[in-house]
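Visitor: One structure is given below, represented as structure tokens, and several questions about it will come after.
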């Protein structure tokens, strides 16, 4: 993978569904922009592009393909995201904060090494905040916060496997993955993330 040599930082949030990735990513974005006066941009994967729309449709179970096909779509969407959105912003000195990235693909897929190889041309993040919650808590939050039913991957046994994969990936990429205990208040988590971001960046 390519190291970020642009003037701005690339920060990613990862974790199980319901871990608070979107909330914490947006809070860090607002902190950078409103309290620190820094240029920042929030984004997420899958993207709203054509490829991202196809992915979202399968996640909602509107259609079905093999897991390998789905993971190829995720990887294609990511490379498009990097080329069309992430790198142009970093080049302009705008910090990019992303909800999900390549660790999600590797953690949720069936063949980690193959998926990491597929993403070898992706851009390395400067920091990945891995928000840790239990699979049981993940399912509780999914059921309590959604009215549209459970989506693809949202089964406790699947989430247990994904959580194990995240632990493997956190050790493998320990130079930029920071594990955060996420079964706490939103405010406590946000303060920890802000402090670490300040120290690292």
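The values are calculated or read from the model by the stated rules, or taken from the named source; none is laboratory data. A quick note: this is a predicted structure, and the numbers were derived from the prediction, not measured. Here Cβ is always computed from backbone atoms with ideal geometry, including for glycine, and neighbour counts include all displayed protein chains.
Visitor: So, of the residues in segment 127-152 that are outside any helix (DSSP H, G or I) and in contact with a helix residue (DSSP H, G or I) (Cβ under 7 Å, 6 or more places away or on another chain), which turns out to be modelled with the lowest pLDDT?
Guide: It comes out as 152.
Visitor: Something else now. Taking residue 74 as meeting all but one of (1) closer than 27 Å to residue 170 by Cα; (2) over 14 Å from the mean Cα position of the chain (by Cα), write down the number of the exception.
Guide: So residue 74 meets the others, but not (2).
Visitor: Being under 27 Å from residue 112 (Cα atoms) and part of a helix (DSSP H, G or I) is the filter here, so list the residues in segment 169-188 that pass it.
Guide: Of everything in segment 169-188, those that are under 27 Å from residue 112 (Cα atoms) and part of a helix (DSSP H, G or I) turn out to be 169, 170, 171, 172.
Visitor: Residues 30, 34: which one is out of contact with any helix residue (DSSP H, G or I) (no Cβ under 6 Å at 6 or more places or on another chain), farther than 13 Å from residue 96 by Cα and surrounded by fewer than 18 Cβ atoms within 10 Å (Cβ to Cβ)?
Guide: After applying the criteria, what remains is 34.
Visitor: Being out of contact with any helix residue (DSSP H, G or I) (no Cβ under 7 Å at 6 or more places or on another chain) and either over 21 Å from residue 13 (Cβ atoms) or touching a residue at least 24 places away in the same chain (Cβ under 8 Å) (or both): is that true of residue 68 here?
Guide: On the way: out of contact with any helix residue (DSSP H, G or I) (no Cβ under 7 Å at 6 or more places or on another chain): yes; either over 21 Å from residue 13 (Cβ atoms) or touching a residue at least 24 places away in the same chain (Cβ under 8 Å) (or both): yes.
Judged against the criteria, residue 68 is a match.
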